[in-house]
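To keep things clear, I will list the structure first and then write my remarks on it.
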Amino acid sequence: MGQTDIGKLIAIDIDKEAVRMLNILKDALAEEKASKLDIRLADINDPKLDDEETDYILIVNTIAYLPDRINYLKALKSKLRAGGKIVIVDYKTKRIPGFVDAPPYEERVLLHIIEEELYEAGYQNIMTDDTSLEYQYYIAAEI
């Protein structure tokens, strides 16, 4: 069975150090793979995506740092192509061992809050899962 061509992958982070590390990893890739990876520094109010630029958006361990989540989630809808999906992964509000680099309990966002914000932002077919991952939950939604 042959390898699937994934096309372009856009990696975006709001942390300059994380973007620097992603660029180091990109530099270590073979040219064929590196040419398909686009790394961008975003800010908490702008994901640095063009309208209808992507089919999927994955937000990992970042949602709690966005001050105006509902408007940000609304803005992300225009970045998705028809049938696009968003997946959010973030830390549960439970005790997490010290070896896991999780933010303090009071900085985490409850699963049901993100779920309601997705509905308010106009997403549909929202599915939540707080059991598959030990320290994180995930939510998937469609536009």
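Read-outs: derived from the displayed coordinates by stated rules, not from any lab. All values derive from a computational prediction rather than experimental measurement. Note that we place each Cβ from the backbone using ideal geometry, even for glycine, and neighbour counts take in every protein chain shown.
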Segment Asp15-Ile70, extension gain: residue separation times 0.36 nm, minus the distance between their alpha carbons: 17.7 nm
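Here is the link list: Lys33/Lys92; Lys8/Lys94; Lys16/Lys79; Lys26/Lys92. Which ones come out longer than 26 Å on Cα distance? Before the final figure, lay out the partial values.
Numbers: Lys33/Lys92 34 Å; Lys8/Lys94 36 Å; Lys16/Lys79 22 Å; Lys26/Lys92 30 Å.
Correct reply: Lys33/Lys92; Lys8/Lys94; Lys26/Lys92.
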Interchain or long-range residues, amide H under 5 Å from Gly84's placed H: Ile143
Listed residues Leu9, His112, Gln124: farthest to the positive end of the dipole of the chain (Cβ charges): Leu9
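If you place +1 on the Cβ of every Lys and Arg, -1 on the Cβ of every Asp and Glu, and leave all else neutral, what size is the dipole of the chain about its Cα centre, to the nearest 20 Debye?
Working: 18 positive and 28 negative charges, 32 e Å.
Charge dipole of the chain: 160 debye, to the nearest 20.
Please express the shape of the stretch 1-41 as an equivalent ellipsoid: the semi-axes are the square roots of 5 times the eigenvalues of the C-alpha gyration tensor, given largest first in whole angstrom. Write out the running numbers ahead of the final one.
Values: eigenvalues 96, 25, 10 Å².
Rounded to whole Å, the semi-axes are 22, 11, 7.
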Net length gained if the chain between Ala30 and Glu52 were fully extended (0.36 nm per residue, minus Cα distance): 5.1 nm
Amide H within-cut-off set for Ile39, under 5 Å, with H built and near neighbours excluded: Ala11
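Considering only DSSP beta bridges whose two residues both sit in the chain, what percent are antiparallel, to the nearest 5? Write out the running numbers ahead of the final one.
Values: 12 of 23 bridges.
So the antiparallel bridges in the chain amount to around 50 percent.
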Relative counts (whole %) of C-alpha pair distances in the chain, using bins that are 5 Å wide: 2, 9, 17, 20, 20, 17, 11, 5, 1, 0
Counted charge near Leu110, where neighbours are those whose Cβ lies closer than 14 Å (Asp, Glu -1; Lys, Arg +1): -3
Chain lengthening between Leu110 and Asp43 when straightened (0.36 nm per residue, less Cα-Cα): 21.9 nm
